[in-house]
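Note sheet for the following structure.
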Amino acid sequence: IKMLLLKNFWLFLFWMCLILYLSFVPLQDWPQPSIFQKLHIDKAVHFTMYAVLSFLLLRSIFRQQMKRLPRYGTRVAAVIFSAGAGVAIEVFQPLLTDYRQFEWMDMMANAIGAISGGILFNWLLSKGRMGLKVVQPG
């Protein structure tokens, strides 16, 4: 079963590790754009990272369940987990580093991104675009 988990969840786990790395690495060597650019680009990056995270988690669950439609509660839990990871990272950044700070707008972009990833997954699933025919849970 471990191999099946890795087979289905490896991309989600890789993305989660990438988010963790980027969330805690010092940014002093990275180019610093102007405030105007940073506000828009930074929030778009947060939104996208968590939309992809949520989508990949739902896709992994879908594949783990042998292409059966995940139950509504499972889909909601996956989105809440993804959004919660974004909230937790924002809370822990200033606690675990002295070079990162908590930002409400980053946390909101993370949560809205996670919700959007769930909506995208459901929309693609409803359109039959997940590459496989959906089998309703029985």
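Tabulated data
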quantity	calculated
Stretchable slack from Thr97 to Val45, in nm (0.36 nm times residue separation minus alpha-carbon distance)	16.6 nm
Inter-site label distance for Lys127 and Ala77 at 7 Å from Cα along Cβ, in nm	2.9 nm
Net length gained if the chain between Phe24 and Trp10 were fully extended (0.36 nm per residue, minus Cα distance)	2.9 nm
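No value in this document is a laboratory result; all are computed from the given coordinates. From a predicted model like this one, the values you see are computed outputs, not experimental measurements. Ideal geometry is used to build each Cβ from the backbone, glycine not excepted, and the neighbour counts take in all protein chains shown.
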